[in-house]
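The values are calculated or read from the model by the stated rules, or taken from the named source; none is laboratory data. A quick note: this is a predicted structure, and the numbers were derived from the prediction, not measured. Heads up, the Cβs are rebuilt from the backbone with ideal geometry, glycines too, and the neighbour counts pull from every protein chain shown.
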Amino acid sequence: MRIGISVITHANQNIWENGMSQNIIFLAQSLKAIPFVKSVDLINVGGQPGMAEQVDLNLFDLRLMSEQEAGDAFDVIIELAGALNPQWLALQRTRGKKVVFYCVGQPYAGLVEYNIFEKSTNFPPVDRSDEVWLLPKDKAYIPMLRTMYRCPVHVTPYLWDPMFVSKRKQEIGELGFHFGWRSNLHDGVKTPLSVAIFEPNISVVKTSSIPMLACDEAYRQQPQSIGMMHVLNTLHMKEHLTMLYLANSLNLVKEHKACFYGRHDIAGFMAQHANAVVSHQWCNDQNYLYLDALYGDYPLIHNSPWLKEFDAGYYYPDFNAPEAGRQLILAWQYHEENLGSQRQASQALFKATAPLAEANIAAHAQLLSNLCADRPELLRG
């Protein structure tokens, strides 16, 4: 079996701008480990000849080809990053190729926000794929997607590997910066945390509002717990009155203990400015940000039920900003003492998400076996 995965390339692309580029590499690794998979390569739907500079395709034995070059190259086509031409996909299916729509974004928000907030988009043909695969975080939307796309919908493993954050850690280390938790206990006194909020603020599923309130709650209860609040990905909202009113209502802002930034990668920013992360999500509880932060042993204050199952980080439920503030205070007080148990929880999480974990390889093999049940010749090793 030969598999192609769609990728989108553009000028000045960076691996840290979203999780899709990393997801593609992790998926390719897992699929390559299946005995009946002969090859995995990439279909470029963008305008550049290569992916982000952080991705060395030769290292992963991956070729990048155009749709025209890919016409006879694949038996299974996975549309993941970047939309493939619907006419080209229809032709491939007519020729007996299998097409999978691999849904990585939160599908409900991706459907309704473009209408409500008048974002420009195009709605793809609903009959373009044989199956839809989606991540465990979005399994509640299986009925919606099955109705919309009129085909089977299956859950696929959530994959992550520290290769990219580890490489970035090495890069900044060579410049004299350290990515990773350092004790906040000095001369018997706990020094204040410098908190970073990395939510992208481009969808309601991941915004900085609750983390900002949580930080201010912690600061009002224990002023010595927070030295600075850094809110990233907010420059596009700096003139919005709602954002201004929210920010100016906070004690941290009034007392000049808050800064607002554009986009930064987590390793570079944490190494220079922060030593704790506060996050919030709504129906989107799997996120590479969480794994990168935990890889650095930083205290992660979150509301992800998925992470809670592993006892990773400091959990607060739903939109409970006061509890998030309390968890932030606990992290300030006890993270150094909790480091051993937190590392153990993180390692269990990393093991479960590893692309080459036996369970993940087996799950992908089963998905492909079901997809190609009418093409048994593709399932022979």
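Only one of (1) assigned by TED's automatic domain parsing to the domain that holds Tyr288; (2) surrounded by fewer than 18 Cβ atoms within 10 Å (Cβ to Cβ); (3) at pLDDT 95 or above; (4) not β-branched (Val, Ile, Thr) fails for Pro152. Which number is that?
All conditions pass for Pro152, except number (1).
Based on this model, can you work out whether Gly173 counts as assigned by TED's automatic domain parsing to the domain that holds Gln281 and at pLDDT 95 or above?
Taking the combined requirement at face value, the residue satisfies it.
Taking into account only those residues within segment 146-172 that are aliphatic (A, V, I, L, M) and over 21 Å from Tyr108 (Cβ atoms), which is farthest from the chain's Cα centre (by Cα)?
Ile172
Do you know which of the residues in segment 182-222 that are acidic (Asp, Glu) and part of a loop (DSSP other than H, G, I, E, B) is modelled with the lowest pLDDT?
Asp187
I need every pair where a residue in segment 222-246 that is over 22 Å from Pro192 (Cβ atoms) has its Cβ under 9 Å from the Cβ of a residue that is of a type in the set (Asp, Glu), sequence separation at least 6 or different chains.
Asn233/Glu199
Take the residues in segment 304-321 that are touching a residue at least 60 places away in the same chain (Cβ under 8 Å) and within 16 Å of Val195 (Cβ to Cβ); name whichever of them is surrounded by the fewest Cβ atoms within 10 Å (Cβ to Cβ).
Once the filter is applied, the top-ranked residue is Ala321.
Mind checking which pairs have a first residue in segment 345-364 that is closer than 14 Å to Leu27 by Cα and a second that is assigned to a helix (DSSP H, G or I) and basic (Lys, Arg), Cβ under 8 Å, 6 or more apart or different chains?
From residues that are closer than 14 Å to Leu27 by Cα, the pairs are Ala357/Lys351.
Does segment 328-335 contain any residue that is over 19 Å from Asn18 (Cβ atoms) and among the small types (Gly, Ala, Ser)?
Yes, segment 328-335 has at least one match.
Which condition number in (1) outside any helix (DSSP H, G or I); (2) closer than 24 Å to Glu358 by Cα is the one that Asn58 fails?
That leaves (2) as the condition not met.
In this structure, is Pro136 under 25 Å from Ile15 (Cα atoms), loosely packed, with under 14 Cβ neighbours inside 10 Å and within 16 Å of the chain's Cα centre (by Cα)?
So Pro136 fits the description; yes.
So in segment 322-344, with the set limited to residues that are more than 19 Å from Leu289 (Cβ to Cβ) and without any contact (Cβ under 8 Å) to a residue 60 or more places away in the chain, which one is nearest to the chain's Cα centre (by Cα)?
That would be Gln344.
Looking at segment 192-204, can you tell me whether even one residue there is in contact with a His (Cβ under 7 Å, 6 or more places away or on another chain), within 27 Å of Leu27 (Cβ to Cβ), crowded, with 20+ Cβ neighbours inside 10 Å and not polar (S, T, N, Q)?
Looking through segment 192-204, at least one residue is in contact with a His (Cβ under 7 Å, 6 or more places away or on another chain), within 27 Å of Leu27 (Cβ to Cβ), crowded, with 20+ Cβ neighbours inside 10 Å and not polar (S, T, N, Q).
For segment 94-142, enumerate the residues that are more than 25 Å from Ile3 (Cβ to Cβ) and basic (Lys, Arg).
Lys119
Which one is farthest from Leu356 (Cα to Cα), of the residues in segment 142-164 that are of a type in the set (Phe, Trp, Tyr) and out of contact with any strand residue (DSSP E or B) (no Cβ under 7 Å at 6 or more places or on another chain)?
Across segment 142-164, the extreme among qualifying residues is Phe164.
Just name the residue that is nearest to Pro200 (Cα to Cα) out of those in segment 64-99 that are in contact (Cβ under 8 Å) with a residue 40 or more places away in the chain and in a helix (DSSP H, G or I).
Restricting to residues being in contact (Cβ under 8 Å) with a residue 40 or more places away in the chain and in a helix (DSSP H, G or I), the top hit is Pro86.
Just checking, does segment 223-243 include any residue being buried (at least 19 other Cβ atoms within 10 Å of the Cβ), among the small types (Gly, Ala, Ser) and farther than 18 Å from Ser209 by Cβ?
yes
Could you figure out which of (1) surrounded by fewer than 16 Cβ atoms within 10 Å (Cβ to Cβ); (2) within 23 Å of Ile8 (Cα to Cα); (3) at pLDDT 95 or above isn't true of Trp160?
Result: Trp160 passes all but (1).
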